[in-house]
Amino acid sequence: MFGTCTILLLFFLIDTISTAAVTTFPRATGNVTYTNARVLAQNEIFDGAMRRFDRGRGACKQQVEGGKADAVFILENGATLKNVIIGPDQAEGVHCQGSCNIINVWWEDVCEGKFHSPTYK
């Protein structure tokens, strides 16, 4: 039905259109620094209102592999994290302890770990 040239042209156009899309990084509405990871309980919904969250340390300083204790957020099974900007002052971003929902979450900088989940490989 379609020739090879037509199919290649369609792939080229789709690729060109998708790379032409521009994403504007959101502006933070405020800043929150946690001294410990913020744990979201099972099925809890956390709306960060587009504030920037961090741990006040760990901004790409060649740190060693951390763990969930170094995360900004730890989500228990079924928890939802939404409308959040993860700032650069952190070593680990988000740790999910099972099935979790990440909605409109942005990372300003990623060094060692952005998102960890036992089901995400």
Query - Proxy reagent accessibility, fewest Cβ within 10 Å first, across Phe53, Phe46, Phe25 - result: Phe25, Phe46, Phe53
Query - Amide H contacts under 5 Å for Glu44, placed H, 5+ residues apart - result: Ala79, Thr80
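Computed from the coordinates by the stated procedures, all read-outs in this text should not be read as laboratory data. Please read all numbers here as calculations on a predicted model, not as lab measurements. Here Cβ is always computed from backbone atoms with ideal geometry, including for glycine, and neighbour counts include all displayed protein chains.
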